[in-house]
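Asks: Take this structure first; my questions come after.
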Amino acid sequence: MSLQFHPATGYFWIIPGRVFRRLLAWAGAAVLTGCGTRERLTFPTENPGNSQGPITDIIQPGAADTVVVEGDLVFVQGRSIDPDGIDSVYIGIQGLNQNFDPILGQGRDTVAFAVPLSTISHSGATVLVQIYAVDLLGDRGRTVSRQIHIQ
């Protein structure tokens with residue numbers, strides 16, 4: 001015999017030993033059988049999202065190659081979009097002595113950016129602007145670029 005407490009009623013029950021052993025054996029068999037055939041809950045360890053990085057578009061300037069006059073302040077504007085959330089947008093500038101810190105996305109699904117480029121005393125220079133974003137899961141999007149020729 002076994003003494004069992006029933007929490008719903010607050011009473012102790014006395015279960016005969018043979019019944020108790022059968023209940024215990026049945027419960028053990030059910031657990032062992034269920035463990036072998038059921039699907040286990042698992043979580044992916046790498047890139048649990050869509051495995052695609054953010055999509056980045058440069059809206060301004062619209063053309064891949066742009067000519068500007070020296071002295072003008074040029075803005076490169078665009079946005080990065082990812083349903084997994086944007087971690088950071090990275091901006092690389094070649095041809096000018098300018099650098100930009102990454103723009104923090106803070107998990108937003110759309111991050112707009114506007115990068116000012118000073119063209120003063122850079123006549124004849126060609127500037128390459130390259131921008132890409134990384135989502136919260138670490139997926140890097142493709143790099144988009146614009147080439148700006150300063151006259």
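Asks: Determine, for 96, 104, the number of other Cβ atoms within 10 Å of each Cβ, and report the residues in order from fewest to most.
Replies: If I rank by nearby Cβ atoms, fewest first, I get 104, 96.
Asks: Take the alpha carbon gyration tensor of the range 81-143, find the square roots of its eigenvalues, order them as a ≥ b ≥ c, and report rounded if a/c is under 1.5; if not, report prolate when a/b exceeds b/c, else oblate.
Replies: Working: a/c = 3.39, a/b = 2.60, b/c = 1.30.
Taking the square roots of the gyration eigenvalues as a ≥ b ≥ c, the range 81-143 is prolate.
Asks: Now for a different question. Under the rule of at least 5 residues apart or a separate chain, name every residue whose amide H is placed under 5 Å from the amide H of residue 76.
Replies: Under 5 Å from the amide H of residue 76: 115, 117.
Asks: Now for a different question. In whole Hz, with x marking every Gly and Pro, tabulate ³J(HN,Hα) for the range 75-80 from phi via Karplus 6.51 cos²θ - 1.76 cosθ + 1.60, θ = phi - 60°.
Replies: For the range 75-80, the Karplus-derived couplings read 10, 9, 10, x, 7, 10 Hz, x marking Gly and Pro.
Asks: Could you give me the ³J(HN,Hα) list for the range 81-91, computed from phi with Karplus coefficients 6.51, -1.76, 1.60 and θ = phi - 60°, whole Hz, x at Gly and Pro?
Replies: Karplus-based 3J(HN,Hα) across the range 81-91 equals 10, 7, x, 7, x, 8, 8, 8, 10, 10, 10 Hz.
Asks: Count charges around residue 83 for me, please; just the other residues with Cβ under 10 Å from its Cβ, Lys/Arg as +1, Asp/Glu as -1.
Replies: -4
Asks: Still on this model: If amide hydrogens are placed 1.01 Å from N in the peptide plane, which non-local residues have theirs closer than 5 Å to the one on residue 85?
Replies: Residues meeting the amide H criterion: 136.
Rule-based calculations on the coordinates, nothing more; no lab input. Predicted model only: the values in this text are computed from it and were never measured. Don't worry about glycine lacking a Cβ; one is built from the backbone with ideal geometry, like all the others, and counts go over all protein chains shown.
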